[in-house]
């Protein structure tokens, strides 16, 4: 019988060196019962979504693209004016959680960092890992997507930085609502489009296109997350002589591209097989190459 737990939780005692620890003299992190109560109901991450997170895929106990996730984690913290995270402690917690889940072929690891209780001055941090869902069907058979208006211009990050577009915050109610709308429309996922017609990203993924022999992702200067999985696939493309580019992309490109994928840390590369009800072709062989490469990362 396997002794690998279904999930593991690590609580960080001092998630930032620039803020007080939760418990004086306690260890930097501790593994605790994930089913017990650990976070106070007054924590601003719960009451106001005032915090950030990352989701890191792990294969057989190895976190994927760990350093890229940590860099993005730090950028999100800076955008919210959270105390600078102690990345050494976060890295140790992620590694400990991943190690405990090594018996699972694939796992997801979430890092959560909040402002803590209002006025207390001590941020809250934890890392929760668990066996991931089976995404074999999505990787093989693809996803039907709908395009939804995000309600912002594509340059919102430069004109309204307080909206925090491009930071990975805990405020995911809109993303969840968008996915429910996709289901109501008979689709599996969403690609957000700006109010001025520019393709942005998925609620939990980056958009990737194969156009004229090039691997393209929407950009530059858009109010979207830097894609860690997209960055890995650009590295794959460089190894295989495939040109890459950041380009402003429209919904017309979603239909005319040779292939489109939604890529993310845990689901990896899922081909898009229909956009707004219109079927489109996919590249099964290249998709399989992408997913083998992503599963084999050791960075």
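In the range 137-152, is there at least one residue being out of contact with any strand residue (DSSP E or B) (no Cβ under 7 Å at 6 or more places or on another chain) and within 14 Å of residue 201 (Cα to Cα)?
Within the range 137-152, the first condition is being out of contact with any strand residue (DSSP E or B) (no Cβ under 7 Å at 6 or more places or on another chain), and the residues that meet it are 137, 140-141, 151-152.
Among the residues that remain, those that are also within 14 Å of residue 201 (Cα to Cα) are: 151-152.
Scanning the range 137-152 turns up at least one residue that is out of contact with any strand residue (DSSP E or B) (no Cβ under 7 Å at 6 or more places or on another chain) and within 14 Å of residue 201 (Cα to Cα).
Just checking, does the range 195-205 include any residue being part of a strand (DSSP E or B) and either closer than 29 Å to residue 82 by Cα or within 15 Å of the chain's Cα centre (by Cα) (or both)?
Of the residues in the range 195-205, the ones part of a strand (DSSP E or B) are 199, 202, 205.
Of the ones still in play, those that are also either closer than 29 Å to residue 82 by Cα or within 15 Å of the chain's Cα centre (by Cα) (or both) are 202, 205.
Yes, that holds for at least one residue.
Has the range 65-87 got at least one residue that is out of contact with any helix residue (DSSP H, G or I) (no Cβ under 9 Å at 6 or more places or on another chain) and over 28 Å from residue 229 (Cα atoms)? Break it down stepwise before answering.
Let us first name the residues in the range 65-87 that are out of contact with any helix residue (DSSP H, G or I) (no Cβ under 9 Å at 6 or more places or on another chain), namely 75-78, 80-81, 86.
From what is left, the residues that are over 28 Å from residue 229 (Cα atoms) are none.
No, that holds for no residue.
Tell me whether the range 161-177 contains one or more residues that are within 23 Å of residue 289 (Cβ to Cβ), in contact with a strand residue (DSSP E or B) (Cβ under 7 Å, 6 or more places away or on another chain) and surrounded by 19 or more Cβ atoms within 10 Å (Cβ to Cβ). Step through it out loud before you land on a result.
Taking the range 161-177 and keeping what is within 23 Å of residue 289 (Cβ to Cβ), we get none.
No.
Out of the residues in the range 155-168 that are within 20 Å of the chain's Cα centre (by Cα) and at negative phi, state the one that is modelled with the highest pLDDT. Reasoning before the result, please.
So in the range 155-168, the residues within 20 Å of the chain's Cα centre (by Cα) come out as 157, 163-168.
With at negative phi added as a condition, the list becomes 157, 163, 165, 167-168.
Numbers: 157: 77, 163: 82, 165: 81, 167: 84, 168: 90.
So the residue we want is 168.
Yes or no: residue 125 assigned by TED's automatic domain parsing to the domain that holds residue 58 and either in contact with a helix residue (DSSP H, G or I) (Cβ under 6 Å, 6 or more places away or on another chain) or part of a loop (DSSP other than H, G, I, E, B) (or both)?
On the way: assigned by TED's automatic domain parsing to the domain that holds residue 58: yes; either in contact with a helix residue (DSSP H, G or I) (Cβ under 6 Å, 6 or more places away or on another chain) or part of a loop (DSSP other than H, G, I, E, B) (or both): no.
When the stated conditions are applied, residue 125 does not pass them.
Output yes when any residue across the range 206-226 is at pLDDT below 95 and under 28 Å from residue 99 (Cβ atoms), and no when none is.
For the range 206-226, residues at pLDDT below 95 and under 28 Å from residue 99 (Cβ atoms): present.
The values are calculated or read from the model by the stated rules, or taken from the named source; none is laboratory data. In this text, all values refer to a predicted model and were calculated from it rather than measured experimentally. Quick reminder, even Gly has a Cβ in these numbers, built from the backbone with ideal geometry, and neighbours come from all protein chains shown.
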